[in-house]
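Here is the structure we will look at.
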Amino acid sequence: MFWDAGKSSNYNGKYDPKQLAMGIKVEYEHTTDKKMAEKIAKDHIAEIPDYYTRLDAMEEQAKAEGKFRKIPNK
């Protein structure tokens with residue numbers, strides 16, 4: 001597996017617990033590994049502190065516009 005340390009390894013701030021919980025749940029769409037899901041979530045939050053709130057709002061807007069398609073995991 002190739003995986004670099006990512007942005008969160010250089011981040012010295014704190015992670016909002018609500019954002020982190022939302023992020024881990026979302027990232028389970030891409031992995032079944034909790035540590036990996038947490039790492040991905042932390043990378044996103046390190047860049048944009050309210051990343052998962054924004055993602056949720058974007059998905060809700062897409063649903064309202066009839067443009068949201070949930071693709072099932074394989």
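When the stretch 29-49 is filtered for residues that are of a type in the set (Asp, Glu) and either outside any loop (DSSP other than H, G, I, E, B) or within 10 Å of the chain's Cα centre (by Cα) (or both), the ones remaining, listed by number, are 29, 38, 43, 47. When residue 61 is tested against (1) over 11 Å from the mean Cα position of the chain (by Cα); (2) part of a helix (DSSP H, G or I); (3) closer than 24 Å to residue 11 by Cα, only condition (3) is not met. Going through the stretch 21-62 one residue at a time, which ones are exposed (fewer than 11 other Cβ atoms within 10 Å of the Cβ) and either of a type in the set (Lys, Arg) or in contact with a Cys (Cβ under 8 Å, 6 or more places away or on another chain) (or both)? Scanning the stretch 21-62 gives a single hit, 35. Contact map, the stretch 59-70: first residue without any contact (Cβ under 8 Å) to a residue 40 or more places away in the chain, second residue not in a loop (DSSP other than H, G, I, E, B), Cβ cut-off under 7 Å, separation 6 or more or different chains; pairs are 68/59; 68/62.
All of the numbers you see were taken from the coordinates with simple rules; none came from a lab. Just so you know, these numbers come straight off a predicted model, no measurement behind them. Note that we place each Cβ from the backbone using ideal geometry, even for glycine, and neighbour counts take in every protein chain shown.
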